[in-house]
Amino acid sequence: MELLKQRLREDATLLPGNVLRADSFLSHRIDVALIDRIGEEFYRLFKESRPNKIVTVESSGIPVALSVARCFGLSCLVAKKGFDRSAENSYQTRLLSYIDKQDYMLRISRLFLERGDRVLLIDDFLATGSTLHAMMEILSMAGATLAGIGIVVEKGFQHGGDELRAKGVNLKSLCIVDSVDNGIRFRDH
């Protein structure tokens, strides 16, 4: 998606630890027109997968997941970070966040994720894949099926996406950043 690559070149910043920030247009300040284009592209890429649930993890993936859900005519389910005192009401697993090195409980209410659901996971960034592995664990607990994973920006140099694809996961990234040394370089795919 050339428009996305252009915005990353112009507006993204690189922080220590290979953290690529696009909060000036994807999460903190949101370019709604760009988010709508991203949602339409994910719809095009995944419509044959026929998901019945669009799921993301709070908080940065929410704008994109809402746009994707709108395109599919579905609601959006948001996995929450934090402990739920009544564990029997949610599916939960541990997640170590790559960005802030925090250990979280990731949870989804049993009321909203059911056996037989076909889930399209949507997120803004993919680095090592720890968030996606945790989400896939929750889907397994619920008896739901992973229809696919849509990622806005994959940091290919951290290999999380490569590992998921090697396992047969239907993963589609709108752009893959191969290197951030001396500027952002993208993988042709």
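The values are calculated or read from the model by the stated rules, or taken from the named source; none is laboratory data. Bear in mind that the values here come from a model prediction, so they are computed numbers and not experimental data. When we count neighbours, we look across all protein chains shown, and the Cβ atoms used for this are built from the backbone with ideal geometry, even at glycine.
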From the options 46, 83, residue that is aromatic (Phe, Trp, Tyr), on the phi < 0 side of the Ramachandran plot and under 17 Å from the mean Cα position of the chain (by Cα): 46
Is there any pair with a first residue in segment 103-118 that is at positive phi and a second that is surrounded by fewer than 19 Cβ atoms within 10 Å (Cβ to Cβ) and modelled with pLDDT of 95 or more whose Cβ atoms are under 8 Å apart and which are 6 or more apart or on different chains, and what are they? 116/143; 116/145
If we ask which residues in segment 87-135 are small (Gly, Ala, Ser) and more than 14 Å from the chain's Cα centre (by Cα), their number turns out to be 4
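So that you can scan it fast, the table gives a plain yes or no per residue for (1) among the acidic types (Asp, Glu); (2) touching a Ser or Thr at 6+ places or on another chain (Cβ under 7 Å):
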{"position": "100", "(1), (2)": "yes, no"}
{"position": "106", "(1), (2)": "no, yes"}
{"position": "116", "(1), (2)": "no, no"}
{"position": "151", "(1), (2)": "no, yes"}
{"position": "154", "(1), (2)": "yes, yes"}
Lone qualifier among 35, 54, 62 - being touching a Pro at 6+ places or on another chain (Cβ under 6 Å) and crowded, with 17+ Cβ neighbours inside 10 Å: 35
For segment 160-189, which residues satisfy the criterion of being modelled with pLDDT of 95 or more, of a type outside the set (D, E, K, R), surrounded by fewer than 15 Cβ atoms within 10 Å (Cβ to Cβ) and in a loop (DSSP other than H, G, I, E, B)? 168
Taking segment 1-60 only, how many residues are closer than 23 Å to residue 118 by Cβ and free of Cβ contacts under 8 Å to residues at least 60 places away in the same chain? 7
Taking the options 178, 162, 117, 100, name whichever one is among the acidic types (Asp, Glu) and within 21 Å of residue 39 (Cβ to Cβ). 117
